[in-house]
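Q: Below you'll find the structure I mean.
Please treat every number below as a calculation from the coordinates, not as lab data. On a predicted model such as this, the values are computed, not experimentally measured, just so you know. Here the Cβ positions follow ideal geometry from the backbone for every residue, glycine too, while neighbour counts run over all protein chains shown.
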Ligand SMILES: CC(C)(COP(=O)(O)OP(=O)(O)OC[C@H]1O[C@@H](n2cnc3c(N)ncnc32)[C@H](O)[C@@H]1OP(=O)(O)O)[C@@H](O)C(=O)NCCC(=O)NCCS
């Protein structure tokens, strides 16, 4: 196993085939999937998603990397953070999912902050973006807590599998990351 990022309580690493059952379980929890661009995912689709990660390098231009988020103490998989870098290699989009039983402890904040530090300080990206369904209040709170700036509102801009859904757009520039309050 190769570790890529560590934060105070978490290890963010490559997804492995052993993560399949845990990921399948939380990704198919209706509460977790409610505001995602995907709904339920078949076990085979998740297995394929994990397999596809083997060939990707986090931060490489065009790579749609998905960090596995595990607790440092026991490496239990508690969620994942999407980190998709544009082909230009200068900007990225993030996304995040935590299993329900691990929400409410600040783990998502810590994991995404770790990815932002990596994005801005290690690979020197210019801008990181994120989007959230406006009804997804925990997600909006997370982005605002991290210092993301609200950039726009796109009504009915993505199909979530059942309906056209609104998207609140957020971004952070490298200079905003550097100037954030500590
Ligand atoms: C979006 C999501 C990751 C947010 O999870 P979360 O648990 O609220 O976020 P964090 O892990 O950072 O925890 C923050 C919460 O824990 C609380 N908390 C408790 N202990 C804490 C600690 N030690 N440090 C920081 N926060 C702590 C905070 O007060 C905060 O609660 P609040 O938002 O009610 O004020 C989660 O709701 C999720 O996975 N949802 C399903 C998937 C999804 O919708 N993803 C987003 C698609 S856009």
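Q: Measuring from the lowest to the highest alpha carbon on each principal axis, how far does the chain reach, largest first, in angstroms?
A: Extents along the principal axes: 39, 38, 33 Å.
Q: Tell me, in nm to one decimal, what length is gained between residue 123 and residue 173 on full extension, where the rule is 0.36 nm per residue of separation less the Cα-Cα distance? Numbers along the way, then the final one.
A: Numbers: separation 50, 0.36 × 50 = 18.00 nm, distance 1.35 nm.
Taking residue 123 through residue 173 to full extension adds about 16.7 nm, to one decimal.
Q: Let me ask something else. How many nm separate the modelled label positions at residue 34 and residue 101, each set 7 Å beyond the Cα in the direction of the Cβ?
A: Result for the modelled spin labels: 2.0 nm.
Q: Here's another thing I want to ask about it. Which order do the peptides 150-156, 23-29 come out in when sorted by mean C-beta neighbours inside 10 angstrom, highest first?
A: Working: 150-156: 11.6, 23-29: 18.0.
Result, highest mean Cβ count within 10 Å first: 23-29, 150-156.
Q: On to the next question. For a quick check, take a GNM of the chain with Cα springs below 10 Å and name the residue from 33, 111, 163 with the largest mean-square fluctuation.
A: 163
Q: Is it possible to state the helix-based mean residue ellipticity at 222 nm for the chain, with each DSSP H run of 4+ residues giving -39500 (n - 2.57), the sum divided by total residues, to the nearest 500 deg cm²/dmol? What is it? Could you put the intermediate results ahead of the total?
A: On the way: 6 runs with 48 residues, N = 182.
So the helix-based figure for the chain works out to -7000 deg cm²/dmol.
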